[in-house]
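Take a look at the structure below.
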Amino acid sequence: MSMEMRRLAEPVRPAAVAGHFYPSDPGQLRTTVGNLLNAAQGEDRHNGARPKALIVPHAGYVYSGPVAARAYARLGDAAPRIRRVVLLGPAHRVGFYGIAAPETAYFETPLGWVEVDETSLRRVCALSTVFRFEGAHAPEHSLEVQLPFLQQVLGDGFSLVPLVVGGATAGDVATVLSLLWGGPETLVVVSSDLSHHLDYHSAREVDERTSRAIESLNDEAIAPGFACGRLPVQGLLQVARAQGLGARRLDLRSSGDTAGPRERVVGYGAFEFS
């Protein structure tokens with residue numbers, strides 16, 4: 001069966017983690033995301049340029065939702081001009097080499113369907129490291145958990161370029177981002193948590209080092225284990241540096257801050273590039 005026939009036969013990538021990472025009820029989900037965004041807007045006093053790119057965590061909303069909201073709240077009045085979101089995240093459940101594009105025409109959440117930008121996907125699939133692989137997308141949460149925030153902030157006027165990064169290189173990611181960078185109509189979102197399963201104080205130290213590396217656009221200073229989306233983050237830092245952008249920390253916390261004390265925590269950071 002040809003690729004295009006599969007796209008027609010299975011047009012929608014259904015939500016895989018609704019009811020687990022975030023609410024499955026549409027009304028409850030809208031309320032949850034709205035409350036998170038309202039709280040984040042009250043914390044943000046920055047009045048600079050709106051971001052071209054964001055780094056956003058991707059855990060369950062009870063853990064990373066407040067940190068993710070700090071990033072999405074920064075879109076503000078730039079939201080009406082954003083028509084395309086290039087969304088990259090790491091593979092958690094399926095191992096492969098390269099960067100996986102979906103075979104479906106829409107991504108589903110309880111808030112509705114998000115259209116996939118097929119034209120952009122065809123462009124990047126011409127690269128040797130990017131290929132169609134629905135198996136990487138079907139169970140993956142790192143992209144899906146960003147969608148309700150994007151739907152709430154941007155409405156239904158945007159298309160999506162969803163890419164799951166496997167065993168690629170930061171240079172591979174940078175090549176993809178450079179090809180899709182676009183202008184003010186394009187927002188780049190990299191989905192990444194930070195340290196994993198350290199004690200609270202060790203996580204704070206490690207995440208602070210990672211945050212400083214991101215803020216200084218020093219991709220080489222982000223070591224394996226410092227961020228689960230290390231390769232997408234590094235690729236973004238390379239392109240941001242080439243584009244003359246600066247990075248700003250919006251939030252840096254862990255699950256020990258957002259969900260209460262625990263023996264081991266996961267780190268979360270939100271960053272904007274403008």
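If the condition is being over 18 Å from Pro90 (Cβ atoms) and either surrounded by 14 or more Cβ atoms within 10 Å (Cβ to Cβ) or out of contact with any helix residue (DSSP H, G or I) (no Cβ under 9 Å at 6 or more places or on another chain) (or both), then the stretch 184-193 contributes Thr186, Leu187.
Looking at the stretch 16-23, can you tell me whether even one residue there is assigned to a loop (DSSP other than H, G, I, E, B), hydroxyl-bearing (Ser, Thr, Tyr) and at pLDDT 95 or above?
No, the stretch 16-23 contains no residue that is assigned to a loop (DSSP other than H, G, I, E, B), hydroxyl-bearing (Ser, Thr, Tyr) and at pLDDT 95 or above.
So that you can scan it fast, the table gives a plain yes or no per residue for (1) among the hydrophobic types (A, V, I, L, M, F, W, C); (2) more than 17 Å from Val190 (Cα to Cα); (3) touching a Gly at 6+ places or on another chain (Cβ under 7 Å):
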position: His58; (1), (2), (3): no, no, yes
position: Tyr63; (1), (2), (3): no, yes, no
position: Ala68; (1), (2), (3): yes, no, no
position: Val85; (1), (2), (3): yes, no, no
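Taking the numbered list (1) within 28 Å of Asp77 (Cβ to Cβ); (2) at pLDDT below 95 in turn, Leu150 passes all entries but (2). Residues in the stretch 64-94 that are more than 15 Å from the chain's Cα centre (by Cα) and either within 22 Å of Val164 (Cα to Cα) or of a type in the set (Asp, Glu) (or both): Asp77, Ile82, Arg83, Arg93, Val94.
Residues in the stretch 156-183 that are at pLDDT 95 or above and over 15 Å from Gly235 (Cα atoms) were compared, and the one that is surrounded by the fewest Cβ atoms within 10 Å (Cβ to Cβ) is Gly183.
Residues in the stretch 243-273 that are assigned to a loop (DSSP other than H, G, I, E, B) and more than 14 Å from Ile214 (Cβ to Cβ) were compared, and the one that is modelled with the highest pLDDT is Gly244. Selection of the stretch 194-204 for residues being out of contact with any helix residue (DSSP H, G or I) (no Cβ under 7 Å at 6 or more places or on another chain) and either assigned to a helix (DSSP H, G or I) or closer than 20 Å to Ala100 by Cβ (or both) yields His201, Ser202, Ala203, Arg204.
Kindly establish whether Ala240 is small (Gly, Ala, Ser), in contact (Cβ under 8 Å) with a residue 40 or more places away in the chain, part of a strand (DSSP E or B) and crowded, with 18+ Cβ neighbours inside 10 Å.
Considered against the rule, which asks whether it is small (Gly, Ala, Ser), in contact (Cβ under 8 Å) with a residue 40 or more places away in the chain, part of a strand (DSSP E or B) and crowded, with 18+ Cβ neighbours inside 10 Å, Ala240 comes out as no.
For the stretch 39-154, the helices (runs of 4 or more DSSP H) that sit wholly inside it and include 1 or more residues that are among the small types (Gly, Ala, Ser) and within 25 Å of Glu272 (Cα to Cα) are 61-72, 118-124, 141-144.
Residues in the stretch 214-237 that are part of a helix (DSSP H, G or I) and either closer than 19 Å to His58 by Cβ or touching a strand residue (DSSP E or B) at 6+ places or on another chain (Cβ under 6 Å) (or both): Ile214, Glu215, Arg230, Leu231, Pro232, Val233, Gln234, Gly235, Leu236, Leu237.
The values are calculated or read from the model by the stated rules, or taken from the named source; none is laboratory data. Everything quoted here is computed from the prediction, not taken from an experiment. Don't worry about glycine lacking a Cβ; one is built from the backbone with ideal geometry, like all the others, and counts go over all protein chains shown.
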